[in-house]
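One structure below.
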Amino acid sequence: MAAIDTQTHSSRTAIFRKLITTAAYYAAFIGLGLGVAAIGPTLPDLARHTRSHLDEISFLFTAHSTGYLLGCLLAGHIYDRVRGHPVMVLMLIAMAATMFLVPLTSLLWLLTLVIFLLGLAGSILDVGGNTLLVWIHQDKVGPYMNGLHAFFGVGTVIAPVVIALLVQLSGDILWAYWALAFYLLPIAVWLARLPSPTHVQNQNNAPARISDYPLVALIVLLFILYVGSEFAMGGWLYSYAVAMKLADTVSAAYLTSVFWGAFTFARLLGVPISLRVRPRYILLGDFATAILGVALILIWSNSSLALWVGSILTGLGMASIIPVILSLAERRMVITGRVTSFFFAGGSVGGMILPWLIGQFFESLGPPVAMWGILLSLIAATLVLLAILKTTRVRMTSSQAALPDAIVQAPISYKH
């Protein structure tokens, strides 16, 4: 009996540790969302601070995504070899420092460097949270992954609201960025006190291998196309609404918040849905909804109501795409730090290219170029998804059924 009680207590302790660690990742991803969503609503103010035009200040998206790309390429090697939590703590501190500096920087080239560093730190944190969460929950990661990205959405909802309120109170973006930066520091302290999980297949720090290069390439392409559309929608929606005279500056900030609010709501809704519906069906529904939302905005381009409805539908559709793609990938291949880093490196390429291209033509061709770019990117992503579903299959289904439960469940270990 004593042995059974000891085993039960050990099992409960392990479950509690998993939940506490997962909660810390969720809090960190709120901060990640804050950093990503802050740039769009403050773009005109940053342009005034640096005395630059929109086509020039739009290079901040490229700088952020370039930092994200470099960080993703570095992160995979880092998390496969060293303890993950100290790395994530350093990145949270770095993000707080860069967000503190953003409103103090009046030179465009220097602001570009600061945003680049913000993207670098954010990407390493992003890859770490996604990779370590898979290592903790493994084949049961689906709902937890949706939860992780739902809390990223919480950060993206909070950012425009906090910025709009604090700018109204102070007349400047200084305290808005500082408030977002100060949030990150307690999370860094919390995460520093938790042990780091490691993948059971890589406890000896051996070089991580990629099991399926063609599938990795297809998913990377899917990330490029989808993340480009998400970053473009989140980054240009504010400027689109103002330029089309469908909203004033305050209403446009709230419109951006509503887009991210729908995004967050759908990610929370995706947690129970992911327990009952296969990833392929969720993704097909997501892309169809997002495409419909952007199409409504373009068809009724002079309607403020269509803009609000279309933005909500687009947010609902885009919400669970990234976490469900990761769940889909986990079913078809072994997920290592390197694999996750390649996925998010692809995302950073998309986040770099499409928002920048929109910035180059936003004034010369008109604001609708933003929505056309997003729509075409979503359609192309849907075609890539169909190719993935057509050419790949769930891995090791029959083999796992023949293995003992202890092997199939692949328990994690923690590095102290």
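What follows draws every value from the coordinates through simple rules; no lab data is involved. In this text, all values refer to a predicted model and were calculated from it rather than measured experimentally. Note: ideal-geometry Cβ built from the backbone for every residue, glycine included; neighbour counts use all protein chains shown.
Overall shape: oblate for segment 146-194, with the ratio a/c of the largest to smallest alpha carbon gyration tensor axis at 1.5 or above and b/c at least equal to a/b. Among I299, I163, I93, the largest mean-square fluctuation in a Gaussian network model of the chain, built with springs joining Cα atoms closer than 10 Å, belongs to I299.
The average projected area of segment 1-145, computed from the convex hull of its Cα atoms over all directions, is 10.3 nm². The simple Förster model, with R0 at 56 Å and r as the Cβ-Cβ distance, assigns S170 and R12 a FRET efficiency of 0.70.
Using a 7 Å offset from Cα along Cα-Cβ at H53, what residues in segment 354-375 end up with backbone N under 14 Å from the label point? Residues passing the 14 Å test: 359-366. Footprinting exposure proxy ranking of M145, M318, M333, fewest other C-beta atoms within 10 angstrom first, gives M333, M145, M318. A value for Rg and Dmax of the Cα atoms in Å was derived from the coordinates, and within the list [x] 21.6, 82; [y] 19.8, 63; [z] 21.1, 77 it appears as [z]. Structural size metrics of segment 220-314, computed from C-alpha coordinates, are Rg and Dmax of 14.2, 43 Å. Each other residue within a Cβ distance under 11 Å of S106 adds +1 if Lys or Arg and -1 if Asp or Glu, for a net charge of +2. Under the classification rounded if a/c is under 1.5, otherwise prolate if a/b is larger than b/c and oblate if not, where does segment 267-386 fall, given a ≥ b ≥ c as square roots of the Cα gyration tensor eigenvalues? Oblate, since a/c reaches 1.5 and b/c is not below a/b. Projecting label points 7 angstrom from Cα along Cα→Cβ for K140 and S364 puts them 5.5 nm apart. Largest GNM mean-square fluctuation across L43, L292, L104, computed for the chain with C-alpha springs under 10 Å, falls on L104. In order along segment 310-317, the Karplus-derived 3J(HN,Hα) couplings, from 6.51 cos²θ - 1.76 cosθ + 1.60 at θ = phi - 60°, round to x, 5, 5, 4, 5, x, 4, x Hz, and Gly and Pro are given as x. Compare I39, I136, I20 in a GNM of the chain, Cα atoms joined below 10 Å, and give the one with the largest fluctuation. Judging by the Gaussian network model, the answer is I20. Against the chain, whose longest principal axis comes from its Cα atoms, helix 279-299 is set at around 0 degrees. Axis of helix 368-391 versus longest Cα principal axis of the chain: the two differ by about 20°, to the nearest ten degrees. Of I57, I312, I124, which is farthest along the charge dipole of segment 13-396 in the positive direction, counting Lys and Arg as +1 and Asp and Glu as -1 at C-beta? So the residue we want is I124.
For segment 13-396, relative contact order (Cα pairs under 8 Å, six or more residues apart, normalised by length) works out to 28 percent.
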